[in-house]
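One structure is given here, and the rest of the page talks about it.
The values are calculated or read from the model by the stated rules, or taken from the named source; none is laboratory data. Since we're looking at a predicted model, the values are computed, not measured. Using ideal geometry, Cβ is built from the backbone for each residue, glycine included, and neighbour counts are taken over all protein chains shown.
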Amino acid sequence: MNPEALEKLFREADNVKLDKEKKDAIHQELLKFIEKHPVQPKRKSWRNWYSSYFGNITGLKTPTFALSGILLFLLIGGVITVDAQFGFIQNSIAEGVAAVKTVAKNTSVIVSSPALSYNSAVKKYQDRRIQFSVNPMTQYCSVTPPNSVFKKGIAIMLDNRNDKQIAVKLDGRSYFIKPYGFKVITLTTSATLPHTIKIDCHGGKNNASILLQP
Amino acid sequence: MSDVTSNTQQEQDFKNAYQQYVDAIYRHCYFRVYNKDLAEDLTQETFIKTWKYIAEGKEIKNIKAFLYRVAVNLIIDNSRKKIALVLDEVKEKEVSVRLHSMESTMIDSFEIKEIIQTLDELPDKYREVIVMRYINQLSPPEIADILGISTNAVSVKINYAMKKLREIIKIKYHES
């Protein structure tokens, strides 16, 4: 056989067809199957739901814009919570690997915020850092500096120098900081300034304080 | 468009697709498994599986490519079930017996027997693209879509397979 005639030979394969009877038999089987299995109504995905409810509100795509705004707020600004007991508002931002995991339980959005390494955080918050160190013998938590003064709205670093997770409370609001981890929080309050924020550490009371000034 | 109208349309499109592609799918299956009955079963299964997919409310953009994809997968599944092993044992017998059981145009078709015997010497992955390209006359982009590989990869496979085929034919006919 001439190899060049190969493609021509393949055309002979066009003669291979289903027998008409068999073709009809399969067709009948299919019709029965179609009858038994009609098309199910399409499930609405969240995208369909979104467009059906919001798609026609405005041509400016306001819902998309609003959602983006909320996400951006959560990424940059963190979550504002109100402490009913003290009327104290803390705007917390989680940074650093250790801190992110702690906060991520409630606000998963924060997980995607850029992680700050410990060294970078120390450098960035060198004069706004509060260290917590627990004596392994006495379990007493030393806070350095014990008394500090910050302006309202400033971000400070809570630095855990222990090999175990510690719980720190600022005006009653708890922060769990992982071993050798840190957390950055922004201090703000609705209370009249100056306001003293009491810090409890590792089960202790009034281990330190922050004087918040206007 | 209401759901009912849409469903009827889908059903009609599928029936049209059956009439349009049933022979091509059968041909593809036949030249992969060399067994008339098995090729018929695989063809039927291909269309049933496709309808199941449609019935689940899923969208098919290219029904032709989808049918081939389902057929290709069924053939792979089938060969995994070791049915091919059984066929290997009776292949020689199968070819002659099956060919004579086909349509009148096929009876005594020396060419078809030649195609089968020649293709049979190719590794399966090359036979697959050759069948698609030269027997089913699918374009390389269509084959790429079915196999989930790039058009370049398809072209490379086809070129290699053709080279192999020519070598096989050369050896076969020089020897005889």
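I'd like to know if segment B:10-24 contains one or more residues that are free of Cβ contacts under 8 Å to residues at least 24 places away in the same chain and farther than 22 Å from residue A:28 by Cβ.
So far as segment B:10-24 goes, no, none of its residues is free of Cβ contacts under 8 Å to residues at least 24 places away in the same chain and farther than 22 Å from residue A:28 by Cβ.
Please name all residue pairs, on different chains or six or more residues apart, with Cβ atoms under 9 Å, provided the first residue is in segment A:129-146 and is outside any strand (DSSP E or B) and the second residue is surrounded by 11 or more Cβ atoms within 10 Å (Cβ to Cβ) and among the small types (Gly, Ala, Ser).
A:135/A:142; A:139/A:203; A:139/A:204; A:140/A:204; A:145/A:208; A:146/A:208; A:146/A:209
Would you confirm whether any residue within segment A:45-67 is modelled with pLDDT of 55 or more, within 14 Å of chain B (Cβ to nearest Cβ) and in a loop (DSSP other than H, G, I, E, B)?
Looking for residues that are modelled with pLDDT of 55 or more, within 14 Å of chain B (Cβ to nearest Cβ) and in a loop (DSSP other than H, G, I, E, B), one finds at least one in segment A:45-67, hence yes.
What number of residues within segment A:177-194 are more than 24 Å from residue A:164 (Cβ to Cβ) and within 31 Å of the chain's Cα centre (by Cα)? Lay out the reasoning, then the answer.
Restricting attention to segment A:177-194, the residues satisfying the condition of being more than 24 Å from residue A:164 (Cβ to Cβ) are A:186-194.
This time we only want the ones that are within 31 Å of the chain's Cα centre (by Cα), so: A:186-191.
Of the residues in that region, 6 qualify.
Which residues, counting only those in segment B:34-60, are more than 7 Å from every other protein chain (Cβ to nearest Cβ), of a type in the set (Val, Ile, Thr) and surrounded by 21 or more Cβ atoms within 10 Å (Cβ to Cβ)?
The first filter runs over segment B:34-60 and keeps only residues more than 7 Å from every other protein chain (Cβ to nearest Cβ), leaving B:34-39, B:41-42, B:45-46, B:49-50, B:53, B:58-60.
Going one step further and asking which of them are of a type in the set (Val, Ile, Thr), we end up with B:46, B:50, B:60.
Residues satisfying the conditions are B:46, B:50.
Return yes or no: is residue B:109 modelled with pLDDT of 85 or more and among the polar types (S, T, N, Q)? Before the answer, list the steps.
On the way: modelled with pLDDT of 85 or more: no; among the polar types (S, T, N, Q): yes.
So residue B:109 does not fit the description; no.
Hey, could you check segment B:138-165 for residues that are loosely packed, with under 14 Cβ neighbours inside 10 Å and within 14 Å of chain A (Cβ to nearest Cβ) and say which is modelled with the highest pLDDT?
Here the answer is B:159.
With the structure loaded, tell me whether residue B:65 is crowded, with 19+ Cβ neighbours inside 10 Å and either modelled with pLDDT of 90 or more or at negative phi (or both) or whether it fails that test.
Numbers: crowded, with 19+ Cβ neighbours inside 10 Å: no; either modelled with pLDDT of 90 or more or at negative phi (or both): yes.
No; evaluated as a whole, the condition is false for this residue.
Would you point out the residue of segment A:147-175, among those that are under 22 Å from the mean Cα position of the chain (by Cα) and without any contact (Cβ under 8 Å) to a residue 24 or more places away in the chain, that is surrounded by the fewest Cβ atoms within 10 Å (Cβ to Cβ)?
Per the stated criteria, the residue is A:174.
Only residues in segment A:8-37 that are at the interface with chain B (Cβ under 7 Å from one of its Cβ atoms) count as the first member; pair them with residues that are in a loop (DSSP other than H, G, I, E, B) and surrounded by fewer than 17 Cβ atoms within 10 Å (Cβ to Cβ), Cβ under 8 angstrom, at least 6 apart or cross-chain, and list the lot.
Matching pairs, first to second residue: A:9/A:1; A:15/B:103; A:17/B:103; A:19/B:103.
A quick yes/no check of all residues on (1) over 28 Å from residue B:123 (Cβ atoms); (2) touching a Leu at 6+ places or on another chain (Cβ under 8 Å):
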{"site": "B:16", "(1), (2)": "yes, no"}
{"site": "B:20", "(1), (2)": "yes, no"}
{"site": "B:24", "(1), (2)": "no, no"}
{"site": "B:28", "(1), (2)": "no, no"}
{"site": "B:33", "(1), (2)": "no, yes"}
{"site": "B:36", "(1), (2)": "no, no"}
{"site": "B:40", "(1), (2)": "no, yes"}
{"site": "B:43", "(1), (2)": "no, yes"}
{"site": "B:49", "(1), (2)": "no, yes"}
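Would you confirm, using the coordinates I've provided, whether residue A:132 is modelled with pLDDT of 90 or more and aromatic (Phe, Trp, Tyr)?
Answer is yes for this residue.
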